[in-house]
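Report on the structure given below.
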Amino acid sequence: MHVKSPVTGDVLHLLAAKVGEVVSAGQVLATIAPTRTVLEHTPADGGVFPESYDAVYGFAGIGRYLLRAAEDNPEAAAVLRELLTTLVRWSRKPPPEGFWTPPGKARAFELEDLPEKLYGYLTLGLAHGIPGPLALLALAHEARVGVDGLHDAAQALVTELQSAMRVTPWGPDVPYHRFLATDLAPQASLSRAAWCYGNPGVARAVQLAARAFGEAEWFRLADSLMISALTRPEEFRQVISPTFCHGEAGLVQLLARFLSDRSEPEPRLEQALASRVSRLIESFDENAPFGYRNLERGEAPTDSPGLLSGAAGVALTLLSLTDPADADWDEVLLVS
């Protein structure tokens, strides 16, 4: 249950803003109408698949688009408030309701990848898990959207993330999932350092919440997550591709945004950013059709002009470094 158009809609608004035009009511309605239908048929108490609420397909990504559209469209504002009210309500529900996927509901392809999902699970990455709604709650509060309970809902999601964190020699680590069955073996490896899953994406969502709600402890938590990811040995970061989703570009964009919202310099993160930028530039391949190839372990490199797994995400990240004030494209990914 999701609407596959939040990124498309947000891009339309961003492009229109650049050329001084207004997105038509019909274009906004193309997202509003199906979103309202989905909300009407979404279980009131949650207990859903993560793509119902995630940043890529679900309410977090759709809500980010509606947040921009609501600036000049009352109908978009009304649907946004309804969507946020749903997220707030889910944040109050204990497992297996709320943002959890209940036992026995996992689909066959999920169980092939992770059989533990059979027992009920909660997803913890920015792309597909609760950090996406957390970032949206924060941005909506900053935009003064009139919905009660945003702060309490953010607190509930931060608490869920804290409950899942593991201690490592470098600091906390956020696994990819939590499971309802407490006797299952924990995730064997450290999480990758990426936008989609792992500490950097979670750290940015927590930092946005700290900024919005004035929670000093959340700022410290966000710092510890980002520093943990960037000070551990390279082999534990699992960053092998230059692209955005789980590669260098996403890590660079997150780090740049993260540092811009810190009140004081952090030399370890500043050095990490400089190092990651160098690695990103050095990975340019003049023989690749688009200059950058997507790399996955055990698979042949692929060439794509796409945003998440292609050259466009890399190009936008590099352009952002030259003009950070004009880098609002990452709104569509809940980075800002």
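On the given criteria, is Glu264 under 20 Å from Leu321 (Cα atoms) and either touching a Cys at 6+ places or on another chain (Cβ under 8 Å) or not small (Gly, Ala, Ser) (or both)?
On the way: under 20 Å from Leu321 (Cα atoms): yes; either touching a Cys at 6+ places or on another chain (Cβ under 8 Å) or not small (Gly, Ala, Ser) (or both): yes.
So Glu264 fits the description; yes.
Residue under question is His2, and the condition is that it be in contact with a Lys or Arg (Cβ under 8 Å, 6 or more places away or on another chain), at pLDDT below 55 and open to solvent by 10 Å² or more (accessible area, probe 1.4 Å); does it hold?
no
Determine, yes or no, whether Thr8 is among the hydroxyl-bearing types (Ser, Thr, Tyr), surrounded by fewer than 19 Cβ atoms within 10 Å (Cβ to Cβ) and modelled with pLDDT of 60 or more.
Details: among the hydroxyl-bearing types (Ser, Thr, Tyr): yes; surrounded by fewer than 19 Cβ atoms within 10 Å (Cβ to Cβ): yes; modelled with pLDDT of 60 or more: no.
The answer is no for Thr8.
Restricting the search to segment 212-255, which residues are in contact with a Cys (Cβ under 8 Å, 6 or more places away or on another chain) and touching a residue at least 60 places away in the same chain (Cβ under 8 Å)? Reasoning before the result, please.
Of the residues in segment 212-255, the ones in contact with a Cys (Cβ under 8 Å, 6 or more places away or on another chain) are 245-246, 250.
Once the filter is applied, which keeps residues that are in contact with a Cys (Cβ under 8 Å, 6 or more places away or on another chain) and touching a residue at least 60 places away in the same chain (Cβ under 8 Å), segment 212-255 yields Cys245, Gly250.
Of everything in segment 312-336, what is touching a Lys or Arg at 6+ places or on another chain (Cβ under 8 Å) and not hydroxyl-bearing (Ser, Thr, Tyr)? Give them in sequence order. Full working, then the answer.
Step one: of segment 312-336, the residues touching a Lys or Arg at 6+ places or on another chain (Cβ under 8 Å) are 330-332, 334-336.
Within segment 312-336, Asp330, Glu331, Val332, Leu334, Val335 qualify.
Is there a residue being under 15 Å from Arg36 (Cα atoms), of a type in the set (Lys, Arg) and open to solvent by 20 Å² or more (accessible area, probe 1.4 Å) anywhere in segment 86-105?
no
So, in segment 288-304, of the ones that are at pLDDT below 95 and open to solvent by 70 Å² or more (accessible area, probe 1.4 Å), which residue ends up farthest from Ala203 (Cα to Cα)?
My answer is Ala300.
When you scan segment 305-336, how many residues do you find that are in a loop (DSSP other than H, G, I, E, B) and either open to solvent by 40 Å² or more (accessible area, probe 1.4 Å) or touching a strand residue (DSSP E or B) at 6+ places or on another chain (Cβ under 7 Å) (or both)?
Step one: list which residues in segment 305-336 are in a loop (DSSP other than H, G, I, E, B), which gives 305-310, 323, 327, 334-336.
Checking the rest, the ones that are also either open to solvent by 40 Å² or more (accessible area, probe 1.4 Å) or touching a strand residue (DSSP E or B) at 6+ places or on another chain (Cβ under 7 Å) (or both) come to 305, 307-310, 323.
Residues in segment 305-336 being in a loop (DSSP other than H, G, I, E, B) and either open to solvent by 40 Å² or more (accessible area, probe 1.4 Å) or touching a strand residue (DSSP E or B) at 6+ places or on another chain (Cβ under 7 Å) (or both): 6 in total.
Would you point out the residue of segment 256-287, among those that are among the aliphatic types (A, V, I, L, M) and in contact (Cβ under 8 Å) with a residue 24 or more places away in the chain, that is most open to solvent (accessible area, probe 1.4 Å)? Quick ask: steps written out before the conclusion?
Step one: list which residues in segment 256-287 are among the aliphatic types (A, V, I, L, M), which gives 256, 259, 269, 272-274, 277, 280-281.
Going one step further and asking which of them are in contact (Cβ under 8 Å) with a residue 24 or more places away in the chain, we end up with 256, 269, 272, 277, 280-281.
Numbers: Ala256: 32, Leu269: 2, Ala272: 11, Val277: 28, Leu280: 0, Ile281: 98 Å².
The residue in question is Ile281.
The values are calculated or read from the model by the stated rules, or taken from the named source; none is laboratory data. In this text the structure is predicted, and so the values were computed from the model without any measurement. Cβ atoms come from the backbone with ideal geometry, glycine included; neighbour counts cover every protein chain shown. What goes into the accessible areas is simple: the full protein's heavy atoms, side chains included, and nothing from ligands, DNA or RNA. Shrake-Rupley method; radii C 1.70, N 1.55, O 1.52, S 1.80 Å.
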